[in-house]
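S.K.: Input: one structure, supplied below.
The values are calculated or read from the model by the stated rules, or taken from the named source; none is laboratory data. Everything quoted here is computed from the prediction, not taken from an experiment. When we count neighbours, we look across all protein chains shown, and the Cβ atoms used for this are built from the backbone with ideal geometry, even at glycine. Calculation scope for accessible area: heavy atoms of the full protein, side chains included, ligands and nucleic acids excluded. Shrake-Rupley method; radii C 1.70, N 1.55, O 1.52, S 1.80 Å.
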Amino acid sequence: MTYPPAPPGTHPPNDSPGYRSTALRHPNRDLHLLPQRLTELSGPVFGEERIAPGDDDLTRWGGGEAVGQRIVVHGQVLDTTGTPVPHTLVEVWQANAGGRYRHTGDRWPAALDPHFGGVGRVLTDEQGRYRFTTIRPGAYPWRNHDNAWRPAHIHFSLFGRAFPQRLVTQMYFPDDPLFFQDPIFNSVPDEAARQRLIAAYDHDATTEQWALGFRFDIVLRGREATPFEDEDDDD
């Protein structure tokens, strides 16, 4: 089956001058295609046995409860016709409530939560649905431009049935005041496509006295495709 491509302006270009580090990341030579071997086409296969109990809950790590506003993030992974995509590995990673990642390269002097690891994974069900329990991440400063702060966001990675089949995107929160100066969010040329990166508050998914709910559907192809990054981004 041939799928229609996403409209022009949906995905960010490799070279986004506002996002300064793309000058070091994007290709500056013609692509050289390498043949895909059997191992690249057939593995790894991500089955249910690869998902450990509790991998969908980022709020319990190291034997305690993470600090911050607990949220539920859920949605569907859909194809171009709106067909659910089952058994897809969805991984997330994010900063903690203070805006700090758990890795040695993060020098932002916010508190490092001993009970928040910041990573999760889950397989979509038969209806393409996924669900995570996590903490709403904080904004954090970065050195891209003067007084630069990244809006609160969660990174998403989706795997297909073989190693080369991976898509990466980011989910933002409604009404964030930092959208106007974030070059990663604004690297998506089309305004309507940018809005598809913003989750919707979902009162039906909100649990009384427990967690706020947000819905973030991911469309892989076509007119309503979610904008995806062409290269992995760790910021």
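S.K.: When the Debye formula is applied to the Cα atoms of segment 67-112, each taken as the same point scatterer, what base-10 log of I(q)/I(0) results at q = 0.19, 0.24, 0.25, 0.32 Å⁻¹?
M.R.: -0.75, -0.90, -0.94, -1.23
S.K.: Using the Cα centre as the reference, give the magnitude of the dipole from point charges on the C-beta atoms of the chain (Lys, Arg: +1; Asp, Glu: -1; all else neutral), rounded to the nearest 20 debye.
M.R.: 340
S.K.: Sticking with this structure for a sec: Given the protein chains as shown and a 1.4 Å probe, how many square angstrom of residue 31 are accessible, to the nearest 10?
M.R.: Counting only protein heavy atoms, residue 31 exposes about 150 Å² to solvent.
S.K.: Let me ask you something else. Return P(r) of segment 23-142 (all Cα-Cα pairs; 5 Å bins starting at 0; whole %; ordered from short to long distances).
M.R.: Answer for segment 23-142: a P(r) of 2, 10, 15, 14, 14, 14, 15, 10, 5, 1 percent.
S.K.: Which chymotrypsin sites (Phe, Trp or Tyr not before Pro) from segment 81-120 combine a DSSP loop assignment with at most 12 other Cβ atoms within 10 Å?
M.R.: Hits after loop and neighbour filter: nothing returned.
S.K.: Could you state the accessible area per residue of segment 55-116 in Å², with a 1.4 Å probe and every protein chain left in place?
M.R.: With the other protein chains kept in place, segment 55-116 gives 47 Å² per residue.
S.K.: Report the semi-axes of the equivalent ellipsoid for the chain in whole Å, largest first, where each axis is √(5λ) for an eigenvalue λ of the Cα gyration tensor.
M.R.: 26, 24, 19
S.K.: Ignoring any ligand, DNA or RNA, what whole percent of the accessible area of segment 94-235 comes from carbon and sulfur when the probe is 1.4 angstrom?
M.R.: Answer for segment 94-235: carbon and sulfur cover 52 percent of the accessible area.
S.K.: Something else about it: Can you give the alpha-carbon Rg of segment 171-218 over 2.2 N^0.38 Å, where N counts its residues?
M.R.: Compactness ratio reported: 1.32.
S.K.: Packing-wise, with mean Cβ within 10 Å as the measure, how do 178-186, 59-67 rank, highest first?
M.R.: Ranked from most to least packed, the peptides come out as 178-186, 59-67.
S.K.: Calculate the radius of gyration of the Cα atoms of segment 121-162 to one decimal place, then report Dmax, the largest Cα-Cα distance, as a whole number, both in Å.
M.R.: Considering segment 121-162 through its Cα atoms, Rg and Dmax are 15.4, 46 Å.
S.K.: What number, rounded to the nearest 500 deg cm²/dmol, is the helix-based mean residue ellipticity at 222 nm of the chain, given -39500 (n - 2.57) per DSSP H run of at least four residues and division by all its residues?
M.R.: Taking each H run of at least 4 residues, the total per residue is -1000 deg cm²/dmol.
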